[in-house]
1. Which of the residues spanning the range 337-372 are of a type in the set (Ser, Thr, Tyr) and in contact (Cβ under 8 Å) with a residue 40 or more places away in the chain?
2. Report those strands (runs of 3 or more DSSP E) wholly inside the range 233-308 carrying at least 2 residues which are β-branched (Val, Ile, Thr) and either surrounded by 18 or more Cβ atoms within 10 Å (Cβ to Cβ) or in the same structural domain as ALA198 (by TED's automatic domain parsing) (or both).
3. What single numbered condition from (1) modelled with pLDDT under 90; (2) within 20 Å of HIS129 (Cβ to Cβ) fails to hold for LYS2?
4. Does ILE47 fit the bill of being under 17 Å from GLU100 (Cβ atoms), outside the structural domain of PRO236 (by TED's automatic domain parsing) and at pLDDT 85 or above?
5. Answer with yes or no whether ASN149 is farther than 19 Å from ILE20 by Cα and at pLDDT 85 or above.
6. Report, by residue number, each residue of the range 13-44 that is surrounded by 15 or more Cβ atoms within 10 Å (Cβ to Cβ), closer than 12 Å to ILE98 by Cβ and not β-branched (Val, Ile, Thr).
7. I'd like the full set of residues that are assigned to a loop (DSSP other than H, G, I, E, B) and under 24 Å from LEU302 (Cα atoms), limited to the range 334-364.
8. Within the bounds of the range 76-85, is there any residue that is crowded, with 20+ Cβ neighbours inside 10 Å and at pLDDT 90 or above?
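The values are calculated or read from the model by the stated rules, or taken from the named source; none is laboratory data. It should be emphasised that the depicted structure is a prediction, and the values quoted were computed from it without experimental measurement. Cβ atoms come from the backbone with ideal geometry, glycine included; neighbour counts cover every protein chain shown.
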Amino acid sequence: MKQQSHEYEEINFEQFIIFIKSHSRQIRENITIYTNLEPNIMEEDRIIIGTLLDSFIHFLSHPDIEEISNHYEDHLDTWLQSQITILNTRIFNYFCLIFEKAILTLMANVKQHNRNISILMFLLSVFSHLFHSYKKCSDDESESTFSKNEKENEELRRLYLLDQLNEILIRTSGSNNLVQVLKKCEELFHYKRCVFYAYIPWSNQFYGVIGSELTKVQSMRGQLNKQSSFFNTKGPIFLKNPHNYVKEEHIKLFNLSSVIFVPLFNQQQLLGWLTFDQVGEEFDCSKEELVLLEQVGKRIGLYLSRNQNEGSRIAEIQLTERETMILDLLADGYDNKKMGELLHLSEHTIRDYISNLMTKLNAKNRTQVVSSAFRLGLIE
């Protein structure tokens, strides 16, 4: 007796994304249920798995993501790299299991059986691709080719580098010299360029603050959009090919090839990013390197937010209401002319206020004014 053949129509990434977006609310609800009810997940893993699943559904539901249909594997790889520091084989397997359960439960209530099979088959191909990509960059003990001695040496190297960074941060404490810190980061971690970009949460904007070729760095400002969901992650993001995530004009301006974004946080609040690159040279980045740079980001995030431990220094700085307004506008990137128009003041008066701010914050220029105020908590 012949078995009945169940043919299905293959779909593309755009069609798959449309399905996910159309049912994102129910998928999220199913994910929450299965994450909490799965009996074999250790409690310490449950939060990590939930974070991973939330990031993935956010990525798949992001506006305009269907536009990347032709090169969706590269975007999946970039999402995976943005989560690599929290991944291991156990976490990855539960991530796939719970997402599949959430989709299958949804399909049980969606009366489009032929399309359901197509969606499921495409999902399996997505997970297959993610699994192979993960295997390439995974350093799980069971899969690692490193000997015990090599692992110990790598761990000692990591601890040594972090100790060196700690010494630098302690040595520059109170000197407000983030420029020196970034230069030392370039030397310690063997990157040719390190740049700091600050983030303004209420307007979802970023602006360049410190780095070599300062004029170029300070010209960098704008709104996070489109694929900016990647930049909401708390872990470092490695972009071997940044063209789908960074504007072409910025890639040309900085001669960018591969680049790493390291987020800086303080008590769950995103302060900005450090970027590391090799000035036009493409490079690879291991999971170990991203784990190391994640620790770097945490330490520099604390360095920037040390205003909590510098109450006496902040208490000495008394800003007038007008100075505070100008400081906020300065941090948002307004020039003297525009600030004068907004505050109904002359450009000469604006320059005087900025000069006063430079004196109070012991800063040599506008950039140091913003950097000092940012670190001291006078602006967020």
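1. Initial filter on the range 337-372 (of a type in the set (Ser, Thr, Tyr)): 346, 349, 353, 355, 359, 367, 371-372.
Answer for the range 337-372, where residues must be of a type in the set (Ser, Thr, Tyr) and in contact (Cβ under 8 Å) with a residue 40 or more places away in the chain: THR367, SER371, SER372.
2. Numbers: elements: 237-239, 259-266, 269-277.
Result: 259-266.
3. With (1) modelled with pLDDT under 90; (2) within 20 Å of HIS129 (Cβ to Cβ) applied to LYS2, the lone miss is (2).
4. On the way: under 17 Å from GLU100 (Cβ atoms): no; outside the structural domain of PRO236 (by TED's automatic domain parsing): yes; at pLDDT 85 or above: yes.
The answer is no for ILE47.
5. Numbers: farther than 19 Å from ILE20 by Cα: yes; at pLDDT 85 or above: no.
No.
6. ARG28, ASN30, TYR34, GLU38
7. Of the range 334-364, the ones assigned to a loop (DSSP other than H, G, I, E, B) are 334-335, 344-346, 361-364.
LEU361, ASN362, ALA363, LYS364, listed by residue number.
8. No, the range 76-85 has no match at all.
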